[in-house]
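Just so it is clear, none of the values below were taken in a lab; they were calculated from the coordinates. This is a predicted model, so every value here is computed, not measured. Cβ: placed from backbone, ideal geometry, glycine included. Neighbour counts: every protein chain shown.
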Amino acid sequence: MNLTKTAEWQALLGHRSRLQDRHLRDLFAEDAQRFHHFSHELDGLLVDYSKQRVDRAALNDLVALARSAEVEQWRDRMFAGEKINFSENRAVLHTALRHTDYTPFPSAEDNVMPQVHAVRKQMRDIVERVRSGLWRGFKGDAIQNIVNIGIGGSDLGPKLATRALSAQQHPGLHFYYVSNLDSAHLAPLIERLDPRTTLFIVASKTFTTQETSINAHTARNWLLAAATEEWAIAKHFIAVTSNPSKAMEFGIPEQNILQIWDWVGGRYSLWSAVGLSVALAIGMRGFERLLEGAETMDKHFRSAPLEKNLPVLLALMSIWNTNFLGAETTAVLPYNESLRHLPGFLQQLEMESNGKTVSRDGEPLACRANPIVWGEIGVNGQHAFFQLLHQGGWLIPCDFVVAASSDYPLPGHQAPLLANCLAQSSALAFGKTEQQACIELAAQGLKESDIAKLLPHKVFAGNQPSNTILMSSLDPFQLGMLLALYEHKVFVQGVVWGINSFDQWGVELGKQLANSLLPALQGNPEVDAQLDVSTQGLIAYFRRYGNN
Ligand SMILES: O=P(O)(O)OC[C@H]1O[C@H](O)[C@H](O)[C@@H](O)[C@@H]1O
């Protein structure tokens, strides 16, 4: 089916002609209840999409588009455990990881819950032993430092959640995340850590990822240099993987291996044992609250009518902005310092899932899919790139994300933080007209000629759409809801665009090439003459100055 030929798409093109030059100022003026009509709250998480350039009629047809793309059917197929990731012949069942009651899931015939509960029990045991000081290192010391070695989905989710919930962290434990192959990531860390009190979690679904493997081997050598005996590995290494035999080859004993399954995508794996570092930080009960928050969003996603379904609405706003209003990028702007890793996490979630041009059927997509996702802590962005958001002339939809109450309260900070967040979304939406700017300049007592000179610089076009996602507080439950909200948003977008959101073939080519270039960089005199001259020239430069 060609999406752009459907009646729903054509109807939306009609709405575009009607709305593309309408200003948010007018849309708000027309409907005094606009906030009420275009916002929803779910268990303390408020999503305000009233500053999007839609009206009721356009929204109705966007919902119709979702319905005609069979979002409900695809959602039910995902929750039923069908192998909707057909290019890898896998089910997509990360929602099983936050299915918190003891009923079968996804079905009685195909119940994955016994495995999920068994690993959760293993996690609980480790978490309790480490947090209580019962887990001892090779010299009998309690653990003080946890180093998660992983990359992509085995790094971004747990790093985001640990930092986001750091206010609730165990006071005697320190958490570090090592992902980069550049030794500048691991070297300064092991320089100051004590091997006797350090526990490494090697998180890798495949256990073959080069970056993780090299970092894990270096960590292992560092430990063994101090401990001298191989049995020490059992006291300082845990693996989280779907490839236990590889982890055992590395030297990690079976009881320290926590399994994940092929039905958990890497970027959807926070809820599995990949979240072990989070559970170590906030305790198993905190981790369960994270799961419960995500499960609350799952239930909402499965049951709420599309018109009131938060992930569906966020997905439709993004589709509207991308495919009808022409946005090419979207910014995510968390205002809480503790959410500083949210943009990186969402970059993987959105762009690795939907950064594609080919449909499920192998046909070229009829329209552009995922926009470029970027972002930064909002307040810092205000003093850096917001100038371009306000006056740069690009259409850049934004997600403002903030918690109403502070996780690290100090008197006099939180209200100004929220004031900045709300002021920016409002300024971006409504801008400043020539008339308003003129009145302001005149009030400063400027001459008419000076006013005329300054005026073009003082006008703000506005009409920049945004969502504001306001959490009551930054706690595990709300964070779980927030992240599951984005996961399902990505799923809905993928369904509407006709994409399989759960594979990532696009990351393979670079990996293959890196492997084939490595011998030349490691000193093999034969440089493949077939290589492009640019790469050959760069290799020659590395040979002059580089070290292995
Ligand atoms: O967990 P791993 O198997 O080590 O994979 C780590 C990451 O690398 C891959 O290249 C994928 O692009 C990511 O989706 C994945 O999360």
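Provide LEU280, LEU24 in ascending order of the number of other Cβ atoms located within 10 Å of each residue's Cβ, fewest first.
LEU24, LEU280
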Ranking of ASP48, ASP21 by count of other Cβ atoms within 10 Å, fewest first: ASP21, ASP48
Charge context of GLY498, other residues only, Cβ under 13 angstrom, K/R +1, D/E -1: +1
HN-Hα J in Hz across the range 295-307 - Karplus 6.51, -1.76, 1.60, θ = phi - 60°, x for Gly and Pro: 5, 4, 5, 4, 5, 4, 4, 6, 10, 6, x, 3, 4
Surface/4 estimate of mean projected area, convex hull on alpha-carbon atoms of the range 150-233, nm²: 6.0 nm²
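Please report LEU333, LEU186 as a ranked list, fewest other C-beta atoms within 10 angstrom at the top and most at the bottom. Kindly include the intermediate steps, with their values, before the conclusion.
Working: LEU333 28, LEU186 22.
With the sparsest Cβ surroundings first, the list reads LEU186, LEU333.
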Helical contribution to [θ] at 222 nm, DSSP H n ≥ 4, -39,500 (n - 2.57), averaged over the chain, rounded to 500: -14500 deg cm²/dmol
Cut-off under 5 Å, modelled amide H: who pairs with PHE200 long-range: VAL147, PHE237, ILE238
Per-residue HN-Hα couplings for the range 30-47 [Karplus 6.51, -1.76, 1.60; θ = phi - 60°; Hz; x = Gly/Pro]: 6, 9, 5, 9, 4, 4, 4, 6, 10, 8, 9, 10, 10, 6, x, 9, 9, 10
Other-chain or far-sequence residues with amide H under 5 Å of VAL358's (modelled H): LEU365
Volume of the Cα convex hull of the range 94-286, divided per residue and given in Å³: 108 Å³
Cα-Cα over 23 Å, subset of LYS308/LYS489; LYS83/LYS511; LYS246/LYS511: LYS83/LYS511
Cα-based convex hull volume of the chain per residue, rounded to whole Å³: 197 Å³
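Need one number: the % of Cα-Cα pairs in the range 199-315 sitting beyond the 16 Å mark.
Cα-Cα pairs of the range 199-315 separated by over 16 Å account for 67 percent.
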Using θ = phi - 60° and Karplus 6.51 cos²θ - 1.76 cosθ + 1.60, couplings along the range 268-281 (whole Hz; Gly, Pro as x): 10, 9, 3, 7, 8, 5, 4, x, 4, 4, 5, 5, 5, 6
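Please get the size of the charge dipole for the chain, origin at its Cα centre, with Cβ charges of +1 on Lys and Arg and -1 on Asp and Glu, quoted in debye to the nearest 20.
Its charge dipole is roughly 560 debye.
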Directionally averaged shadow of the range 20-127, computed from the convex hull of its alpha-carbon atoms, nm²: 11.2 nm²
The chain, relative contact order in percent, only Cα pairs under 8 angstrom and at least six apart counted: 19 percent
